[in-house]
Each structure stands twice: as C-alpha cells, then as structure tokens.
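Take a look at the structure below.
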Amino acid sequence: MRRLPGVGALAAAAVATTLLTTTGVASASTGVLDLELNEARAAGTAVDSSGHHHDAQIGSRVRMGGGHATFAVLARDAALGTAPLVRVPDARDGSLDPGKGTFTIVMRYRTTHGYGNILQKGQATSAGGQVKLQQPGGRLTCMFKTSRGRATAGSGSVTMDNGAWHTVRCVRTATSVTMYVDGRRTGRSTHSTGDLDNSMPWTIGGKPDCDGTRVDCDYFAGDVDYVRLTKG
C-alpha cells in the first residue's frame, strides 16, 4: 500500500489538532473516523484508528488484503443487501454527522469504472440530509444536501477512472464545499447546506437501502485504500 509523503493515520486518541485557516486564524479539528482498510483477507471488521471505536462491518462480497479493500460488484447489478458494502453504523452522539460546521473527507481510491457511489451517509429521501461521493462519467463529485440547501464540488477536468490511485479531499464549511484531487483544488461551490444529521450509516461501495429496481444500488467497483473524516 503506497502512502503519499506526509500523510499518516489520524491520532489514536482523536486529539484536537491546530490548523491555520485561510484567514490565518487557528482552529481545532478532530478526527472522528479513520478506516485504514488494511485488515487481513478473512476480516469481518475494519478497525477505526481514530480512537472513537467506530469500527466498520465488512460485507461478504468485499475482498480485503494487500492493504486495501476491493469492491467488485458492478454499479447496476441486482441488489445484494449489505454484502458489497463496508458500513459504519451511525453514532448516537452525532459525532459522525457533518452537522453545521466544517467537515472534511479524505479518501484514496482507484478504479477503471466510470460510475458508482463510493462513499455516502444518507440517501435522497433521508431525513436529516445526505452526503455523497460518486463518479458519474468517471468524474468525482462531492455533495452535501439538506432541506436548507445543497452544494456540490467536483473533480473538474480530472477523470478518476484511469486505474491510478487518487487522493481526494472534500471540505464542507457552513457556506461552501471544496474538492481537492491529488493536492490540487478542482472544484468549489459557495452555497449553505444547513445542519446535516441523519441516522443512516456511512457506507463505502454503494447505497445501503436499495432494491435494484425502484432504487438503484449504484455499486462501486474498484479499490479503496483509506477513508478519514474530520470535524472542525
């Protein structure tokens, strides 16, 4: 498993880290989920390295090993329940929900398929809103949506289905969503998205609630190296 220089796991105890914002004012960010997905082939659980113990359930159709998770079910295949997914149950204290403030998603993945939902919490009709990373036409989009507003940032001219590893960072603030691909800003939307808080799990690999007919499952086929979520 290749790591980009300077990129490591989030602090085990989820200790607040001081960062500088674009205004030069220091702010604290806290890692709330860190799935390194480096479990052994027969693992049924992906350990959360953030220190918050939000461990994920690995579906029977997800292959582990080699330092990453492999998803092989194609986007429009028949519904297979939780088998093609890695799922992190919702946290009752709301710690896994983006809420109103700054929320950052960092993910490293590769694929040769130009479709599929890679990561999400909530679906189109979920009470409390939805956050979703998907790649229609091979171009990644990161969307945050509530009844108060919607904002989407994308990979722009960068196509993501070329089989190469890409590191993605999506940053939601109270008034914007910004995407970075391999360290370069590729898209920004300046819209408010309100308070995003739902009871759905975080899922990697597709929708958790689908039947393949009325609701497509939008399965993702490819490899995911890690997923990290940060608040603040």
Handout entry: Looking only at the range 49-77, and only at residues there that are basic (K, R) and at pLDDT 95 or above, the one that is surrounded by the most Cβ atoms within 10 Å (Cβ to Cβ)
Key = R61
Handout entry: Verdict on R172 being over 17 Å from the mean Cα position of the chain (by Cα) and either of a type in the set (K, R) or at pLDDT below 95 (or both)
Key = no
Fill in the blank from the handout: Filter the range 105-140 for residues that are among the hydroxyl-bearing types (S, T, Y) and surrounded by fewer than 20 Cβ atoms within 10 Å (Cβ to Cβ); the one that is nearest to D197 (Cα to Cα) is S126
Completion exercise
Residues of the range 91-104 being farther than 19 Å from S176 by Cβ, touching a strand residue (DSSP E or B) at 6+ places or on another chain (Cβ under 9 Å) and either crowded, with 20+ Cβ neighbours inside 10 Å or basic (K, R) (or both), in sequence order, are L96
Exercise for the section: Kindly indicate whether any position in the range 161-178 is touching a helix residue (DSSP H, G or I) at 6+ places or on another chain (Cβ under 9 Å) and within 23 Å of H113 (Cα to Cα). Expected result: yes
Practice task
State whether one or more residues within the range 128-137 are over 12 Å from the mean Cα position of the chain (by Cα) and more than 21 Å from T203 (Cβ to Cβ).
Solution key: yes
Exercise for the section: Consider only pairs whose beta carbons are under 6 Å apart and that are at least six residues apart or on different chains; among these, list those whose first residue lies in the range 77-97 and is in contact (Cβ under 8 Å) with a residue 24 or more places away in the chain and whose second residue is surrounded by fewer than 17 Cβ atoms within 10 Å (Cβ to Cβ) and not in a loop (DSSP other than H, G, I, E, B). Expected result: R87/Q57
Problem - Filtered residues of the range 74-131 (kept if aliphatic (A, V, I, L, M) and part of a strand (DSSP E or B)) - result: V86, V88, I105, V106, M107, I118, L119, V131
Exercise for the section: Would you be able to say whether some residue in the range 144-167 is more than 15 Å from the chain's Cα centre (by Cα), part of a strand (DSSP E or B), in contact (Cβ under 8 Å) with a residue 12 or more places away in the chain and surrounded by fewer than 19 Cβ atoms within 10 Å (Cβ to Cβ)? Expected result: yes
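The values are calculated or read from the model by the stated rules, or taken from the named source; none is laboratory data. Since the structure is predicted, the reported quantities are computational estimates derived from the model, not experimental observations. With ideal geometry, Cβ positions are generated from the backbone for all residues, glycine too; neighbour counts draw on all protein chains shown.
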